[in-house]
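Below is one structure, written out as structure tokens, with a few remarks after it.
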Amino acid sequence: MTHDTHGGHGDDHGHGHIKLAYQPGLPLANGKLCLWLFLSTEIMFFAGLIGAYVVLRFGVPAGTWPHPHDVHLVEPIGAFNTFVLICSSVTIVLGLEAAKLNQSSMARLWLFATFVLGSVFLGVKMYEYNSKFSHGIYPSTPRSLIYDKADLNYASAVRQRLNDLATELAKKASAEAGEGQAAVPSEDQKRCEDLRDYLVFWAEQTAARSEDPARRQAALNSLAWFIYPREGHKPEKFLAAETKRMEREKTAITAELTAISSEQKSLDAKKAELEKRDAAEAGEELGATVKARARADEKALAANERLRRVEGWLGLVPELDKLEHGINDAYHSLRLPIHIPSGNMWASTYFLLTGFHAIHVAVGLLMFVLMLRYRLDASNAHLLENGGLYWHFVDLVWIFLFPLLYLF
Amino acid sequence: MSSSDGHGDHSHGGVGKYMMVFLALCGLTTLSFFTYSRFWPFQDTPVVGWVFMMAVSCTKAMLVICFFMHLIWEANWKYVLTIPASLMSVFLVVALVPDVGQRTRYYAEERSRYASDYEGPEEEAAAEAGGEAVSAPGQDAAPTGSEGVPVDGKGTGGAGAAGGAAKADST
């Protein structure tokens with residue numbers, strides 16, 4: 001600049017020629033610069049996802065975020081995966097060192113080790129996803145069995161499912177039995193019907209008819225607990241009280257039935273006596289007696305039905321109590337709706353975060369496969385350097401995801 | 001390659017250093033896992049554990065960035081790329097707090113009834129009493145119908161139970 005003002009024209013006399021040398025904007029190779037620019041956008045991408053998770057997680061109604069065990073998260077598995085990724089970060093960096101020293105076969109070996117470790121990570125991830133899927137934990141509705149609240153809507157969904165299953169099994173049984181023969185209900189069908197007629201019926205009736213609001217909610221909670229128990233939510237006291245209540249109920253109904261049957265007997269006796277008399281004389285009274293007898297029959301029928309429900313409940317609940325991990329776990333084909341508070345929000349965020357991370361891992365693995373084709377000597381060390389930077393970033397994201405998802 | 005890079009490529013790194021970092025990372029992972037064990041002293045205040053784990057994670061992240069990603073040995077361009085991105089991500093999260101993070105604080109009563117496991121006074125009582133309050137026997141006797149009462153999807157939650165009770169006529 002000063003030259004120009006001084007000399008007036010460009011071609012001054014032999015001194016101060018401006019020598020233009022190529023100077024990169026930043027002191028690093030283009031490939032690496034691009035990768036770093038990409039990584040800085042990736043930082044924001046994952047920060048957005050993780051940030052959304054954090055605000056959603058801490059914004060749920062107090063105390064409703066699922067405990068890791070409620071959603072089949074196993075901390076040691078997560079810790080193992082963390083360890084695998086850390087190891088893979090070390091192997092890729094050792095690969096880079098080897099490449100810089102021109103030990104291309106060594107570099108290839110380290111790269112292969114990284115590839116294997118990355119695959120192990122993805123394999124473990126698949127295993128983890130599968131353990132969620134098998135319990136009906138999916139991020140969205142057609143497959144997800146998660147209900148956020150144990151309410152009447154939930155109970156009716158359980159009833160609907162059991163009803164459908166029972167109908168389906170009954171159809172199958174009658175098809176197997178052939179024409180003209182009575183179908184033998186299968187064990188599964190009986191189980192569905194028992195659950196529907198005793199457990200769900202009781203929960204719905206109690207929730208709909210009880211005067212006591214605490215009891216209404218507790219009945220629904222117990223239904224949810226039998227299907228999918230969550231740590232520390234066992235309604236022990238309530239079930240004990242309810243069992244006593246049912247036993248009292250049973251005694252009451254039995255007494256009622258005895259009363260009805262003695263009433264029936266006396267009505268029968270009266271009827272027989274009246275029939276001996278003159279029809280014109282006793283006609284009116286006879287008619288009344290027959291009506292009373294029919295009423296008594298109806299009452300007996302109703303009482304018997306109630307007794308069936310009560311006895312069914314009393315037989316079923318201790319059986320269910322013995323199941324360690326609930327109905328859904330004991331009978332996988334049932335796939336009854338499950339109650340996990342904030343479970344749907346949990347599933348959405350969990351699968352989104354781990355899914356995007358897993359995609360990054362998969363892309364990294366693809367990159368490694370492509371890189372294995374090259375001779376990884378000093379002249380190609382930049383490949384390992386750039387690939388390694390990406391891979392370290394993937395590791396970095398997991399470093400935050402592991403505690404946030406498994407330990408919080 | 002990095003011809004103008006002042007530092008020689010072999011002046012940093014080294015297997016020994018990487019191994020040290022690796023051991024540190026493993027140790028730190030064990031530390032954050034330790035918060036989950038029963039020996040962790042702050043069981044009653046989970047916030048302590050969260051802050052601790054985040055501190056551990058940040059330390060691990062710094063180790064990976066500085067050593068594995070060689071950022072500690074890079075020239076000053078590293079600040080240009082990393083600091084703005086990090087700041088933007090912090091802003092992004094902070095911007096979500098009022099609308100999303102604090103959403104349940106501004107729920108109307110009506111809205112909270114449909115929120116996940118909202119514990120109104122009724123449900124709280126249920127949780128505490130465990131349904132101990134048992135009313136007189138026979139009062140809630142199961143009716144004779146062979147199917148459950150018709151339940152519509154509208155009556156959800158605490159309102160659902162209450163609505164159901166209102167609908168059901170005493171037998």
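Worth a mention:
- Using the Karplus relation 6.51 cos²θ - 1.76 cosθ + 1.60 with θ = phi - 60°, the per-residue 3J(HN,Hα) values for the range A:296-301 come to 4, 4, 4, 4, 4, 4 Hz, with x marking Gly and Pro.
- Here is the interface size for B with A: some 7900 Å² of accessible area buried, both sides summed, with a 1.4 Å probe.
- Theoretical ellipticity at 222 nm over chain A - DSSP helices of four or more residues, -39500 (n - 2.57) apiece, nearest 500: -25000 deg cm²/dmol
- Cα-projected label distance for A:Glu281 with A:Phe45, points at 7 Å along beta-carbon direction, nm: 10.3
- Threshold 50 Å² - residues in the range A:115-149 whose accessible area is reduced by that much or more when the chain is no longer isolated, probe 1.4 Å: A:Lys149
- Inter-centroid distance (Cα atoms) of the range A:259-310 relative to the range A:224-250, Å: 39
- Packing order of peptides A:222-228, A:37-43, highest average first: A:222-228, A:37-43 (average count of other Cβ atoms within 10 Å over each peptide's residues).
- Sorting the segments A:236-242, A:89-95 by their mean number of nearby beta carbons within 10 angstrom, highest to lowest, gives A:89-95, A:236-242.
- Accessible surface area normalised per residue over the range A:258-408 is 46 Å², counting heavy atoms of protein chains with a 1.4 Å rolling probe.
- Applying 1/(1 + (r/R0)^6) with r as the Cβ-Cβ distance of B:Arg111 and B:Ala61 and R0 = 30 angstrom yields a FRET efficiency of 0.20.
- Per-residue mean of C-beta atoms belonging to partner chains within 10 Å, peptide A:303-314: 2
- Amide proton proximity set for A:Ile146, modelled H, under 5 Å, gap of 5+: A:Tyr138, A:Ile338
- Counting, for every residue in A:221-229, the Cβ atoms of other protein chains within 10 Å of its Cβ and taking the mean gives 1.
- Charge tally in the Cβ shell below 13 Å around A:Ser333, where Lys, Arg are +1 and Asp, Glu are -1, A:Ser333 excluded: -1
- Spacing of the two label points (7 Å from each Cα toward its C-beta) at A:Lys265 and B:Trp73, in nm: 10.2
- Among the residues of A:50-61, the average count of other protein chain beta-carbon atoms within 10 Å of the residue beta-carbon is 6.
- The packing ranking, built from the mean of other Cβ atoms within 10 Å per residue, places the peptides A:71-77, A:282-288 in the order A:71-77, A:282-288, highest first.
The values are calculated or read from the model by the stated rules, or taken from the named source; none is laboratory data. Just so you know, these numbers come straight off a predicted model, no measurement behind them. No Cβ is skipped: glycine too gets one built from the backbone with ideal geometry, and neighbour counts run over all protein chains shown. When the accessible area is computed, the model is the full protein with side chains, heavy atoms only, and any ligands, DNA or RNA have been set aside. Shrake-Rupley method; radii C 1.70, N 1.55, O 1.52, S 1.80 Å.
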